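Accompanying notes for the structure given below.
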Amino acid sequence: MSYGGKADVLRGVSLDVERGEVIGLIGPSGSGKSTILRTLVGLLKPKAGQVTVDGAPVDYASRSSLRTARDRFAIVFQQYNLFQNMTALRNVAIAPTLVKKRDRGQVEAEARALLARVGLAEKVNAYPDELSGGQQQRVAIARALALKPDILLLDEVTAALDPELVGEVLDTIRALQRDGMTMLIVSHEMGFIREVASRVAFLDQGSVVEVGPPADVFDRPTSPRLRDFTSRILRH
Amino acid sequence: MNYSLIWSQVTPHIPYLLGGAALTLQLAVISFLAGWAIGLVNASVLHFGPRPARLAVQGYVTFFINTPLLVQIFFIFFVLPDAGILLSPYAAVAIGMSLNAGAYLTEIQRAGFQSLRREEIDAATAMGFSVPQMVWYVILPHIAKALYPPLSNQFIIQVMTTSIAAIFAVEELTGRAYNVNSLTFRSLEVFSITAVIYVVLTLACSMALALLGRWLFRVKARIL
């Protein structure tokens, strides 16, 4: 898969993900981690390459064909990106009712269940500005799950949070991992990545440099660039 | 000035004037809502549309902002009949005011599109919203909230502007005040009462809009 204009932001990214796997994407800023996730969900248009889910190719050619990408992938953003004018419940329920044309009563029942699952059963009627950052991010996770994606994309979901709120969001993701959710996680929480990821991919300058189990990538890096990266983060 | 006030000659006409005020309000509401809809579509086109459509919208806005409303209504009322489009004075005024307000409300709402939170648009796009769905469910509430003061301001301006309908013999408040003046020649009394009705009308509108804003968009607008 490639993406970019004059200078390619992504080139030669190739990755196979098994169902139920959690892949951690790490790398220096500007290495293309978020670009991969945004391309998968159809926010950026790839120039070349292909994405296949369950043997079926995902078509990124036109706005209407992106429907398949959005059936497959759902993304959670760094800044939560909740709709400010809607309650938590409406944030979670709106896309399934509006985009997937599902029955509103049924969708709202599911949305309540999802909010309960992320520990926010009491906050269904709260607006985003009445919630803490951690709570907002958990609503955003519930909103992504409401789309019933095959693969959940988490883009630096704890980076904008106050330190004391990071734990609750990470707990939510841990629970998803235990439930067998397939996830691609971009994060700087290296300890967390090491814990939940089945494999870690190290990206640099738009390419996957190294892929492997967390223990290998973090403790026995083979490429000099990864060694340099891990030594810098482990120093902190 | 030696003028003795004789209110009793005018007070019987107050119900007649209030009837005109109702028409004033009706014209203002119609032209504001139509103008808002025009402005919203135009602002969407300016934000999402292709270049020819954007140019067309810019042409419309430039034309209507840089010519007087009165000339625009004269055009609709006197020139369109030549093309076989014959309109009542009321319809001509309502259409002229709508198109005129549409130009101003395009400009106001264009600013609202520029102040949109990119994150919400990304989220809506990633979840597969169509452009109309995005405008209706995400952008419009944002605009209504962020632009509450200039939008309600524009509505008050619409209320004032309706007085132009008097020129076309539409019997809204100013038109009826003129009629009562011709009948009684108690100018000071007639136009004082008319002015008071306008003030009460606009203050009531402002309060209603502020309450509406609180209720619909959780805008913390001052009631008075």
A:Gly191 - would you say it is surrounded by fewer than 19 Cβ atoms within 10 Å (Cβ to Cβ), more than 15 Å from the chain's Cα centre (by Cα) and assigned to a helix (DSSP H, G or I)?
yes
Can you say whether B:Phe191 is over 18 Å from the mean Cα position of the chain (by Cα), within 14 Å of chain A (Cβ to nearest Cβ) and aromatic (Phe, Trp, Tyr), as far as the supplied structure shows?
no
Test of understanding: among B:Thr24, B:Thr62, which residue is assigned to a helix (DSSP H, G or I), surrounded by 18 or more Cβ atoms within 10 Å (Cβ to Cβ) and modelled with pLDDT of 95 or more?
B:Thr24
Restricting to region A:43-89, name every residue that is of a type in the set (D, E, K, R) and surrounded by 18 or more Cβ atoms within 10 Å (Cβ to Cβ).
A:Arg70, A:Arg72
Tell me which residues, restricted to region A:137-151, are under 19 Å from A:Gly119 (Cα atoms) and either out of contact with any Pro (no Cβ under 8 Å at 6 or more places or on another chain) or surrounded by fewer than 24 Cβ atoms within 10 Å (Cβ to Cβ) (or both).
A:Gln137, A:Arg138, A:Ala140, A:Ile141, A:Ala142, A:Arg143, A:Ala144, A:Leu145, A:Leu147, A:Lys148
Condition first: more than 8 Å from every other protein chain (Cβ to nearest Cβ) and in contact (Cβ under 8 Å) with a residue 40 or more places away in the chain. Now tell me which residues in region A:48-72 satisfy that.
A:Ala48, A:Gly49, A:Gln50, A:Val51, A:Val53, A:Asp54, A:Asp71, A:Arg72
Quick check on A:Glu108: is it away from every other protein chain (no Cβ under 14 Å) and at negative phi?
yes
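Which residue is modelled with the lowest pLDDT, if the candidates are limited to region A:15-54 and must be hydroxyl-bearing (Ser, Thr, Tyr) and more than 13 Å from A:Asp204 (Cα to Cα)?
A:Thr52
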On the given criteria, is A:Leu203 outside any loop (DSSP other than H, G, I, E, B) and over 19 Å from A:Glu18 (Cβ atoms)?
yes
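Checking the condition in contact (Cβ under 8 Å) with a residue 40 or more places away in the chain, farther than 25 Å from B:Leu105 by Cβ and surrounded by fewer than 20 Cβ atoms within 10 Å (Cβ to Cβ), which residue from B:Thr184, B:Thr202 passes?
Matching residue, one of B:Thr184, B:Thr202: B:Thr184.
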Any strands (runs of 3 or more DSSP E) falling wholly within region A:18-88 and containing at least 2 residues that are under 24 Å from B:Ile139 (Cβ atoms):
A:73-76
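The values are calculated or read from the model by the stated rules, or taken from the named source; none is laboratory data. As the structure is a prediction and not an experimental result, all values here were calculated from the model. Positions of Cβ are generated from backbone atoms using ideal geometry, with glycine treated the same way; all protein chains shown enter the neighbour counts.
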